[in-house]
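Report on the following structure.
The values are calculated or read from the model by the stated rules, or taken from the named source; none is laboratory data. All figures in this text were calculated on a predicted structure; none of them were measured in a lab. No Cβ is skipped: glycine too gets one built from the backbone with ideal geometry, and neighbour counts run over all protein chains shown.
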Amino acid sequence: MDCRKWVFEIVERAREGSAPGLGLREHLNACPGCSERWEDQSRLCMALQAAKTAASQHRPAARRDEILREFERMHPRVSQRWARWALAAAAMLALTFGLGRVLWNGSHPAASPTPITAALDNSNDAEDNSGFVAVPYAPPLAANEMVSVVRTELEPTALARLGILVDASYGNDIPAEIVVGEDGLPRAVRVIETSEF
């Protein structure tokens, strides 16, 4: 018996799902090895065909919905009640911070806004009657802009750069008042007496 010549036909007939021809049937009845190969090949081809059919019947939309359900099960949504609570807490925190800042600024006398535009209207003058000296190259104040007067201490070299004559032997910081615009930029400086500070 030459089984090699029947192997190709066994595989092809099993793939097609057709019954074996007359010559192959006679060989299968006479050869137990080829008969077993025929049964194995038929089972394998039927299983592959069933898997192919199942895959083609399974719609992508159904698989997508299945994946989304699994994702929602693993990652539940945050409840709207909790989200509202978190937003309310954040709003209260921001309101408290803002109110605290306003109250702190209001109780700090050095940071209170003061209309001092008259002292800075003429930036060409080195010094006017209020004692303030305009900061060189500072942008002009806008009409009705509120400014703050801040008391601080400045180094003598910083005052000299602003055009204020200071004794060079004076080594410590010198008390001064700085006029600060609404944009936070200094506009004018004046030296104050140590007794005032």
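Here is a yes/no grid of residues against (1) at negative phi; (2) at pLDDT 75 or above; (3) part of a loop (DSSP other than H, G, I, E, B); (4) not hydroxyl-bearing (Ser, Thr, Tyr):
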| position | (1), (2), (3), (4) |
| --- | --- |
| 77 | yes, no, yes, yes |
| 90 | yes, yes, no, yes |
| 138 | yes, yes, yes, yes |
| 148 | yes, yes, no, no |
| 167 | yes, no, yes, yes |
| 170 | yes, no, yes, no |
Please work out if residue 177 is surrounded by fewer than 14 Cβ atoms within 10 Å (Cβ to Cβ), under 22 Å from residue 193 (Cβ atoms) and modelled with pLDDT of 80 or more. no
I need the full set of residues from the stretch 1-36 which are out of contact with any Cys (no Cβ under 9 Å at 6 or more places or on another chain) and among the charged types (D, E, K, R), in order please. 2, 4, 5, 9, 12, 13, 25, 26, 36
Just to verify a result, which residue in the stretch 150-165, among those that are surrounded by 13 or more Cβ atoms within 10 Å (Cβ to Cβ) and part of a loop (DSSP other than H, G, I, E, B), is modelled with the highest pLDDT? 155
